[in-house]
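What follows is a short report on a single structure.
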Ligand SMILES: Nc1ncnc2c1ncn2[C@@H]1O[C@H](COP(=O)(O)OP(=O)(O)O)[C@@H](O)[C@H]1O
Ligand SMILES: [Mg+2]
């Protein structure tokens, strides 16, 4: 019996899971039209209460073919006529906005980037207001590990929108035409999720400067497909593309010029490094010893990114403390910091790889 108190699902993320049994005749269905699939799916499953980990079985074209419920928002809700259904078949990761998620305040520094990004948040909150003035394509650039992905997630979550995370390299197909097809289907899904962010990480992998394209024959086809989607003004309301790169100077000029705004991310200064260390030390699973001098570590780490601080220094030091069944001591932090190779001062930008 359906109960009145069950919430209606806003988003439902499915992944093809195959048949419970297999015979020699085994055809794996592929979704060709997302919008049509959404209708088709609702005709069968509307009214069902679903939770993460459940399976839904097709009863029509591919009887008993299973789809795994990867995520549903709100949890334990009912599929309704307004549920947005996404089938997560490739390496794209769709993250739904949740109450416990990254906020802008969790990003240390990058003040100018935060200023520039405010408009994206406004847009996602109310895309209708913008019409032809929508911010559609924004480029994040700067050294790796400086908070570009973090910022994109924070923008999505603060505006209560989903985000699709895609690595540029996964858009490159194995056959001619495949890359273009992947880009097209990516934007088809984005339309179903809108308002949402499409975050293309390592965009330089696909939109490499034409001077280097002869290294990769199929790249220009992918660049063209991407340009078509980036230009698409029609029926793309509420989809904001954020491209991210560590190597902006390798980016294809035509692609680069399509971005209305370039947002730079910089390496943290001493004060910011201390702040990042302080922020993550709060989450340490082991007690922090009195002798820990955060400023001293921050001073030593000139030229290192936020990721270096968290994943190479803090994590190593915490692991060391855990192995020794000890508190986290200055000695653990110094050991981890000293193990890192020294950064070359004033390295040319293209060294950031
Ligand atoms: N400015 C920052 N504030 C807080 N944490 C940071 C910052 N920059 C990097 N980090 C840490 O480093 C990790 C990697 O950052 P990320 O956003 O993935 O970098 P990018 O996308 O620029 O390569 C984050 O998950 C976070 O733990
Ligand atoms: Mg990243």
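Read-outs throughout are calculated quantities, based only on the coordinates presented, and are distinct from any laboratory measurement. It should be emphasised that the depicted structure is a prediction, and the values quoted were computed from it without experimental measurement. Here the Cβ is made from the backbone with ideal geometry for all residues, glycine too, and neighbour counts use every protein chain on show.
Computed values, structure above
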{"quantity": "Cα centroid separation, the stretch 130-182 to the stretch 59-124 (Å)", "calculated": "13 Å"}
{"quantity": "With Cα atoms, 0 to 90° folded angle of helix 148-158 axis to the chain main axis", "calculated": "60 degrees"}
{"quantity": "At 0.890 mPa s and 25 °C, Stokes diffusion of the stretch 11-89 via Kirkwood alpha-carbon radius, µm² per second", "calculated": "192 µm²/s"}
{"quantity": "For the stretch 270-339: span of alpha carbons on each principal axis (Å, largest first)", "calculated": "31, 22, 19"}
{"quantity": "Exposure proxy ranking, count of Cβ atoms within 10 Å, fewest first, for 200, 13", "calculated": "13, 200"}
{"quantity": "Residue among 190, 180, 254 with the largest mean-square fluctuation in a Gaussian network model of the chain, springs linking Cα atoms under 10 Å", "calculated": "254"}
{"quantity": "The stretch 104-264, Rg to Rh (Cα coordinates; Rh as Kirkwood inverse mean 1/r)", "calculated": "0.95"}
{"quantity": "Choice from 295, 104, 21 with maximal GNM fluctuation in the chain (Cα, 10 Å cutoff)", "calculated": "21"}
{"quantity": "The stretch 320-342 and the stretch 249-312: distance between their alpha carbon centers, rounded to Å", "calculated": "18 Å"}
{"quantity": "Top of 130, 62, 250 by mean-square fluctuation, Gaussian network on the chain, Cα under 10 Å", "calculated": "62"}
{"quantity": "Angle in degrees between helix 330-339 and the longest Cα principal axis of the chain, rounded to the nearest 10", "calculated": "80 degrees"}
{"quantity": "Residue exposure sequence - 332, 184, 175 - by fewest surrounding Cβ within 10 Å", "calculated": "175, 184, 332"}
{"quantity": "If the convex hull is drawn through the Cα atoms of the chain, its volume per residue in Å³", "calculated": "191 Å³"}
{"quantity": "Within the stretch 11-89, percent of DSSP bridges classed antiparallel, to nearest 5", "calculated": "75 percent"}
{"quantity": "Rounded to 10°, Cα long-axis angle of helix 270-281 versus longest principal axis of the chain", "calculated": "60 degrees"}
{"quantity": "Residues 31, 6, sorted so that the one with the fewest Cβ neighbours within 10 Å comes first", "calculated": "6, 31"}
{"quantity": "Segment residue 254-residue 15, extension gain: residue separation times 0.36 nm, minus the distance between their alpha carbons", "calculated": "82.6 nm"}
{"quantity": "Antiparallel bridges, percent of DSSP beta bridges restricted to the chain (to nearest 5)", "calculated": "40 percent"}
